[in-house]
Amino acid sequence: MVRHVYDFQDGDRTMAALLGGKGANLAEMTRLGLPVPPGFTVTTDACRAFLADGEEPEGLSAEISRHLSVLESAGGRRLGQPDDPLLVSVRSGARFSMPGMMDTVLDIGLNDASVHGLAKVSGDARFAWDSYRRLVQMYGSTVMGVDQAFFDEALTLFKEARGAPDDVHLDASDLAWLVDTYKTVIRNETGYDFPQSPAEQLRHAVLAVFRSWNAERARLYRRREHIPDDLGTAVTVQRMVFGNLGPDSGSGVAFTRDPATGRPGLYGDYLPDAQGEDVVAGIRDTVPLAELARIAPRCHTQLHDHAVTLERHYRDLCDIEFTVEHGTLWLLQTRIGKRTAEATFAIAAELVGEGLITAAEGLRRVHGEQLGRLMFPRFDTERAGAELAHGLPASPGAASGAAVFDSAEAVRRADAGEAVVLVREETSPDDLPGMVAARAVLTSRGGRTSHAAVVARGMGRVCVCGAQDITVDTARRRLTARDGTLVEEGTVISVDGSTGSVYAGEVPLVASATMRYLESGVQSDSVVSAVARALEHADSVRRLEVRANADTPQDAARARRFGAQGIGLCRTEHMFLGERRPLVERMILARTDADRAHALDALLAPQRDDFTAVLEAMDGLPVTIRLLDPPLHEFLPDRTHEVNPMLGLRGVRLGLVVPGLVAMQVRAVAEAVVARTRAGGDPRAEIMVPLVSTVEELRLTREEVERVLAEVTEETGVDIHCPVGTMIELPRAALTAARIATEAEFFSFGTNDLTQTTWGFSRDDVEAEFFSAYLDKGVLAASPFETLDREGVGRLVRIAVDEGRAARPGLRTGVCGEHGGDPESIRFFHAAGLDYVSCSPYRVPVARLEAGRAAL
Ligand code: PEP
Ligand code: MG
């Protein structure tokens, strides 16, 4: 029979797919001899089976009972034993960390009898009743589905009646009364009683955690983080240890390095006399970990030593959840810690420097998207007004937007196109949609390890948390700044997640240090040096060349500074917009040859000058100039009547039916080459024919191209060599690549159109129309316009590369659709054997990095 449960001693870190990240790492820590409370893990297989069949897999209950017995005999106490109960926690743990998105139930095993036993053995009746209250509440909401608000309301009413400002002022009898009230709430809401049987509590808690895999917020988080929906979660069942047993107890979160900057050294938050949940919820303000050294020096030293052990063992930054119970340190969880983009680069470089990982491993650990984030601008603080508030710089970057005070409003306004900053006292996992929608998140409570901070860092959202000098009034939808300024909903504020500052109004932006480095080569800080080293390493190992899509000399020059090795796509229609548009209209609508010739003549000189300037900016490097390819509705919106212009008179078709158009463009290229050659330059123009579907189109166009090139060579005496190639952007072109290659010196995959025509999705309409529904329903895992669809479009690319090269050995191949700058897609293009990718200038550094990573 399939095994569904593993004791911590039986697993290790390699088993994350089966035991989830938490279960696998608890097993690993147990193997390392670290102080982990004992327990066991129910597998993701069991969860998947449960979610598929709607019932527990056969034998699961019995297996859990067996493992529970082992736990009970090891500790000499039974679950819920009336005079001295063993209590367990039941926690989710997916393969990829989803902080706070799924359910947890603590203190399983308490009931009307064992609460007295716990009171007696702990010598602390208040603690026992508080634990019981927490269990009834957590179980009621997560397992029995009672709206959390009912419990909150009961608590608030009770505190008001008792005149107690917070929970700490409630004594054991108050809490006992609350337990009764909560039980009544559960009965009224569900028709069932809170179960007194510990075994039943455990069983239902496990199933509830399974079910929480499909909770709305968990699904949303997965979609955002591209975590597959079918993995399921494991469930760890672990002996409870208590951080809320008085001043010599507490809970905290530690990082082996600073997750915001990457600086070495133990870093984190501690909350005396509290359970772990209180730390991440940001309900009470934590103290820095250094305080632990004062309160419990021995625990601090041990924690430090364990952190070193873990970082050396995992060879990476780890985060650790720990609890101190009456002066004894316990580790409850570890994982490779989430970190900012800055820290990612800094840590990779440091670990390479320390010899813990190789340079290749260092490169593997940094990601193009993170580099993209480092290129975002920062606030120009010189031009910022007075600080409204200052909090903890929890997730770096700079963003301005209208302050909004709940998640739904954030979503509503963002959907309407407004930039918003989500302001909360603290965030809970239910705020996730608002965090996704907002440009930045600001909270008045909670530490750098609070849920808001962890989630924001993970998704690269700007975040300042624990800004204690503001008062957030969610009901009235406003905040009061430390100087008394009122900020009403809708007022624009600016949040600097790198410094913790919050300003009124919109603060102007300046280039980031990474951007300055890319522009000028100045390495101003250690993060920038780490980026530089990663890029150098990537350049030394990558096989793919990186070119840029650029149509202006300015873009070309920038792309070159960013490391582009040429232009892979110069879209000539962009040179026909603006004041030149009437000339194009005249050319297309001309009734007589003379009219047309006149219009073409007028376009020749400006085109030649454009090409000359671009060739100069890219001197010595290839510049692929594409012949005109606008869908006609872009030029003649009022006069063309094609029902589907994207499939109409565009690309090569236009060149073949408008006499003189190709000749004019080729002449402009040729004359630009001549001008640059005469100026002592090294122009390397290539001519590319768009939207070809049959070799005949290419053959005819190519004849015309070569005729004009020969003509200009003849006229000027300058030998002009321009390779002529084609875009492969229609399925028929890909499928007949062998024939097309006979006329093409290079292929460049136009994956925008190839995706459009392979899927039959209009690239202009589809993302707005039904993609979000498709993504919700799981029909698509990602937009095929963002990340190349390997199965379909990718297959066409492979066919075209292989059959094209077979027909013409040495055929050069590249890609110039948007996918050329997408990390996932770049890996595919590397694997498919392309020679280069071409992307927008700002993506060039990202593509260099990813091309290097693909080659590892
Ligand atoms: C493409 O189709 O991928 C392409 C690069 O051409 P355009 O986006 O200009 O149609
Ligand atoms: Mg195209």
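Structure summary
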item	result
Conditions (1) closer than 30 Å to ALA359 by Cα; (2) modelled with pLDDT of 95 or more: number failed by SER524	(2)
Members of the range 92-119 that are of a type in the set (D, E, K, R) and either on the phi > 0 side of the Ramachandran plot or modelled with pLDDT of 95 or more (or both)	ASP107, ASP112
Some residue of the range 708-719 being among the hydroxyl-bearing types (Ser, Thr, Tyr), within 16 Å of ligand 2 (Cβ to nearest atom), modelled with pLDDT of 95 or more and in a helix (DSSP H, G or I)	no
Top-ranked residue of the range 699-741 - restricted to ones that are more than 13 Å from ILE687 (Cβ to Cβ) and among the β-branched types (Val, Ile, Thr), ranked as nearest to ligand 1 (Cβ to nearest atom)	ILE728
Of the criteria (1) buried (at least 22 other Cβ atoms within 10 Å of the Cβ); (2) more than 36 Å from the chain's Cα centre (by Cα); (3) within 16 Å of ligand 2 (Cβ to nearest atom), which one SER693 fails	(1)
Options GLU671, GLU686; residue that is in the same structural domain as THR713 (by TED's automatic domain parsing), under 40 Å from the mean Cα position of the chain (by Cα) and more than 16 Å from ligand 2 (Cβ to nearest atom)	GLU686
The range 732-782 - residue that is part of a helix (DSSP H, G or I) and within 12 Å of ligand 2 (Cβ to nearest atom) and, of those, surrounded by the fewest Cβ atoms within 10 Å (Cβ to Cβ)	ASN752
Qualifying residues in the range 225-283 (those that are assigned to a loop (DSSP other than H, G, I, E, B) and touching a Cys at 6+ places or on another chain (Cβ under 8 Å)) - the one farthest from LEU331 (Cα to Cα)	GLY232
Selection from the range 118-163 of residues that are of a type in the set (Gly, Ala, Ser) and either touching a strand residue (DSSP E or B) at 6+ places or on another chain (Cβ under 6 Å) or in a helix (DSSP H, G or I) (or both)	ALA119, SER122, ALA125, ALA128, SER131, GLY140, SER141, ALA149, ALA154, ALA161
Given (1) under 22 Å from VAL528 (Cβ atoms); (2) part of a loop (DSSP other than H, G, I, E, B), number of the condition ALA349 does not satisfy	(2)
Subset of the range 172-191 [closer than 21 Å to ALA125 by Cβ and either under 43 Å from the mean Cα position of the chain (by Cα) or surrounded by 15 or more Cβ atoms within 10 Å (Cβ to Cβ) (or both)]	ALA172, ASP174, LEU175, ALA176, TRP177, LEU178, VAL179, THR181, TYR182, LYS183
ALA538 vs. criteria in contact with a strand residue (DSSP E or B) (Cβ under 6 Å, 6 or more places away or on another chain), assigned to a helix (DSSP H, G or I) and crowded, with 17+ Cβ neighbours inside 10 Å	no
Total residues in the range 70-92, condition aliphatic (A, V, I, L, M) and part of a strand (DSSP E or B)	4
Condition met for THR572 (among the polar types (S, T, N, Q) and touching a residue at least 24 places away in the same chain (Cβ under 8 Å))	yes
Candidates ASP193, ASP180, ASP167 - the one that is at pLDDT below 95 and not β-branched (Val, Ile, Thr)	ASP167
The lone exception for GLY337 - which of (1) surrounded by fewer than 23 Cβ atoms within 10 Å (Cβ to Cβ); (2) small (Gly, Ala, Ser); (3) in contact with an Asp or Glu (Cβ under 8 Å, 6 or more places away or on another chain) it fails	(1)
Enumeration of residues in the range 787-823 that are assigned to a helix (DSSP H, G or I), closer than 25 Å to GLU369 by Cα and free of Cβ contacts under 8 Å to residues at least 40 places away in the same chain	ARG790, GLU791, GLY792, GLY794, GLY821
Selected residue (only one of ARG626, ARG676 is surrounded by 20 or more Cβ atoms within 10 Å (Cβ to Cβ), of a type in the set (D, E, K, R) and more than 16 Å from ligand 2 (Cβ to nearest atom))	ARG676
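Yes/no per residue for (1) over 30 Å from ARG284 (Cα atoms); (2) at pLDDT below 95:
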position	(1), (2)
ALA346	yes, no
GLU361	yes, no
ARG373	yes, yes
PHE379	yes, yes
ALA389	no, yes
ALA398	no, yes
VAL420	no, no
ALA437	no, yes
ARG445	no, yes
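The values are calculated or read from the model by the stated rules, or taken from the named source; none is laboratory data. Quick caveat: nothing in here was measured; it's all calculated off a predicted structure. Note that we place each Cβ from the backbone using ideal geometry, even for glycine, and neighbour counts take in every protein chain shown.
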